[in-house]
Structure formats: C-alpha cells, structure tokens
1. How much accessible area per residue does segment A:91-155 have, in Å², with a 1.4 Å probe?
2. Give the relative contact order (percent, whole number) for chain A; include only Cα pairs under 8 Å separated by 6+ residues.
3. Just the number, please: carbon plus sulfur as a percent of the accessible area of segment A:91-155, 1.4 Å probe, no ligands or DNA/RNA counted.
4. Given q = 0.11 Å⁻¹, what are the Debye log10 I(q)/I(0) values for chain B, with equal point scatterers placed on the Cα positions and solvent ignored?
5. Hey, what angle do you get for helix B:239-248 against the long axis of chain B, alpha-carbon based, 0 to 90 degrees rounded to 10?
6. When Rg is the radius of gyration of the Cα atoms in chain A and Rh is its Kirkwood radius, what does Rg/Rh come to?
7. Largest first, what is the accessible-area ranking of B:H154, B:H110, B:H229, B:H116 with a 1.4 Å probe?
8. Compute the acute angle (0 to 90°) between the alpha-carbon long axis of helix A:96-106 and the principal axis of greatest extent of the alpha-carbon atoms of chain A; round to the nearest 10°.
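The values are calculated or read from the model by the stated rules, or taken from the named source; none is laboratory data. Only a predicted model underlies this, so the values are computations on that prediction, with no experimental measurement involved. All Cβ positions, even for glycine, are placed from backbone atoms using ideal geometry, and neighbour counts span all protein chains on display. Accessible surface is based on the protein model in full, side chains and every heavy atom, while ligands, DNA and RNA are left aside. Shrake-Rupley method; radii C 1.70, N 1.55, O 1.52, S 1.80 Å.
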Amino acid sequence: MEREKVITAKGLTKRFGDFTAVDAISFEVGKGEIFGFLGANGAGKTTAIRMLCGLSIPTDGEATVAGFDVYRQTEQIKRNIGYMSQKFSLYNDLTVRENIRFFAGIYGKSHQFIKENTERLLDRLHLQAESNKQVKSLPLGWKQKLAFSVAIFHEPDIVFLDEPTGGVDPVTRREFWNMIYEAAESGITVFVTTHYMDEAEYCNRVSIMVDGRIDALGTPQDLKQQFKAESMDNVFLKLARKATRGE
Amino acid sequence: MNAAVIAQNLVKTYGTKKEEVQALKGVSFEVAPGEIFGIIGPDGAGKTSLFRILTTLLLPDEGQAQVDGFDVVKDYEAIRHRVGYMPGRFSLYQDLSVEENLKFFASIFHTTIREHYELIKDIYEQIEPFKDRRAGKLSGGMKQKLALCCALIHRPTVLFLDEPTTGVDAVSRKEFWEMLRNLKQQGITILVSTPYMDEASLCDRVALIQNGEIMSIDTPEGIVRSFEHPLLAVRAANMFRLLKDLQQFPGLLDTYPFGEYHHVVLKPETTEQGLYAYLQQKGHTETKLQQVEPNVEDCFIALMKTAT
C-alpha cells in the first residue's frame, strides 16, 4: 500500500560559502513511517534537519514537510511538527506539569485540551506522583520519555528526534522505542537520528548520509543485502569509511 | 602485584537532606597495572563522580581509594602529577591553538612536548596539520584527539577517560579504541567509562554500573558466561506484533527488541518447539528462531531487572 507522503525532498542543498553541507539530497517519507536518518558526525544531518524543520532556508532544491514549503511556509511547518533532541527537550527548572502546559501553550492548544490530555499523559507515564517536581530531579530515562510525549502532545504530523536515546540505559532505550512504535501506529511520522546501530534495525527505512549526500536509502533488510553486510553496523562502517571530509 | 587503582566502598551523596541523591552507594574494585578497565553504565549511573574522586577533584563522603599507591585524599598532589584525565566535557582552552594547548599542559607538568613525544606521536600526527588552529574551531573528533594528547603529555601511569566516545559516530569510536590499545602496549593503565555496551568487549575487564552500584565485575567473556538462561533470537514478518505476542507468552523470563531480532530469555522448562508452536498458532509467518550467545547488553538488561 502506497503511503501518503508527508516529507518530500528533491535536490535539497545547503551551502555555507563554498562549503556544501547538504549536497542535493532527495527522498520521501510516508505517513506513519519510522525513518532513520543516519550519518557520521559532520555528514550534514543537522543541517538537513534544520531545513526540514523550517529553521534554515535551503540554497537550492525543493522540499515540503506536512504539505508546506520549506522556503515560504516555515511558520506552518513549525506548527505541524514536534522536535526533541538529547540536548534540548524540557526546561529543567519547570515542573513536569509546567513543561507540558508550556509546550502545549506554545503550540496554541486550548486550556481544555491541555487539561484533559495532561492527566491522561501523566497516568500513562506513571508520573502522577512526580508531576509537581522539577524535571531536573527525574532520572534521564524518564526525562527522555516525558520529552518525547511532550514533543507529540500537540498531535503533530511529524516528530523529529535527534539522538533521543544517547546515554540512556538499555532497558529504558527499548521502552523509548516502544513509544516510538506506538506513535507511528497512531499515524505520526517519526524522523530519527541515532548512533546506536541496533536502533537502525527498528526503522522502516533508513538513509545514510556521507559527505552531504545520501549514499544509501532503503529498508534495513535491503541495505544489508545491497552492501553484503550482516548488520547495519557493518553497512554504516562500509559507507562512512568512504567519507573524505572531516566534521 | 600492587594494584594501579583501588576503590573501597566509595560513597558520594549530593543535594540536601530533603532531596538527597546518592551518586555512589559503596563502590569497590581494583585495577591491575596495564589493564584497560571499563566502567560501563548509562548516564546518571555515577561514572563521573567516581572518576572525579579518583582524580582527586572530589572528596568521597565515605570509603577510601588509592591510585598508584597514593591515597586520593591525603596524597592528592602526588596523584595529580601521575595521572592523566580527560573529562567528558571538552575542557581545553578554546582560544589557544592546538600547539599552544599542548605546550601549556606540558609546561604545567614541568615537561616538554619532545620529552614523551613517542607516546603521543601517532595521535598528534593526525592533528598536526591544524596545529595553528584554535582549539575551539576544531571538529569533535579532532578535539577529542587533542584532549587525549594533553592528558598524555606527562606520560601518566594511569589514564582516566570519562566517556570519550559519547556522541561520537561508529567509525570514530572504532579509531579511538585502536588508539587505546596502542597506549596499553606502552604500559599505561586505562580506566575508561562508556554508555555503549558494545565497547565492553574491547576492555580487559569491565564493571557494570547502575544507580551508583556495581552490578558485576569480570572479563567481558566472564560476564557473558554468567548469563544463566537459554537465549533465542526470534524474527517474523510483523516484528511489532511479534513482540506483543512474545510478551504474552508465559514460558519466558524476558523479551526485548535486539536489532533485527527480538531476544527471548526462556524459562528452563520451555522448549524452542513450544515457543515455535505458540507463534504458529498466533498466525506469525516467516518465523525464524535460533539460539544465540548473549552479549554484554543482554547481561546488563538481566542484571538491571534482577536489581529492581
């Protein structure tokens, strides 16, 4: 079954002076798909994500995100996506409830919506007892699960996750992926970067960036066959070793 | 033989009485000279507190520790002359050049770049083309190499590396571990912490740490051997539904995704055939079951679950 496309990129390019950070990348991501966006440090992932989130205007090429154009409709894009990274997710000195209310408010959700869904979320995450504590007192794993829930609280079409599980223990890392699966089942498209190659296997499709280009794109199964590798780790190493530019 | 590092019942607590966080709850271990000893655990496990105590930057609340025969509280000055420390966060001078940073650290330790050049040669040669560049303008991988050179410039007896590979891609991680193997050849004892379970196999011995407590200390092979139950790797056409169905099957101790497979820890009385029949009955297709060797991540998961 052909999925409805929620991200399309065609020849998307970003240059800084004479340095081409992102070099004419093209791909499509379908609704409810978990799309792994891999690449070595410095391959151009962050620059590409910034363009897709409406934070950086491309130098060349075309792209739409949630049906909006990355040149002219960046504000609409921001309203229809969620974003979470390891570095930036929640405000440490706000409580759990305050963080939820703050982010939902920014996305223009009604008082009624926030009230109802906050309780549901706190129940689901078993965070009722901690709901009035500052976020900084939560263990990292809980914080990351809460951050993900907050990033999709306003029911975006797409959520961008930039290394969401870095440094998280192996049990919580898997609970986190369970939440990703559930979000995808409910129709949210998940665009995720990771340095854990076992997590690449959990994606429906994976792209691997090398020196600003997408050098591989396909299901984990296809890529392993194509590169005659037994694991995604080996696929990644084969490709990333070809890189000629540093970070 | 004298141990290079001895930690005995180290305890460290932060915060107020009301909101107390116990970062270390009685940590003990010994590291032999010339060993690569890995401290493996997630963020918040207590790795950095432990390293800061052993490098004399933080006082323990309880317990004792010795590095190279010196006490971390009484003999802190002697220890500071003898150890190299690479903190998790980049801590060189951003507005000094590569070469200036190296010279600065050499002069602090009353040595010169030339005196122990052999030790850093292989690493320094990779960043030498950029020796006039300010450290703040280096890429992540080059910063890491410079920090390692600075930590080695006085030929330390013990090298402490706090999460040197966090946030580093798979290729650079492999290169970094090759550098560590070369340093070991030169007789330097290395304590290295990491949240990546797959790096355990690169250490001589590892301590698995979680919530301020060491769950296990052994060689990587020993850790894996201590995994008590049969472990299967299972896959089927629909992996998400497979996991849900596995979780409902009473004959298991645990199941979790593991790369392209789900791992299944069987109860002793459960047979592979029994599980296969159950999955057939649930309508799974393209089902594949095979017994596999556990790795350190399987062991960490098992230890975490018995701890709670």
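1. Per-residue value: 55 Å².
2. 26
3. 50
4. -0.76
5. So the helix axis and the longest Cα principal axis differ by about 70 degrees.
6. Rg/Rh for chain A comes to 0.97.
7. B:H110, B:H229, B:H116, B:H154
8. So the helix axis and the longest Cα principal axis differ by about 60 degrees.
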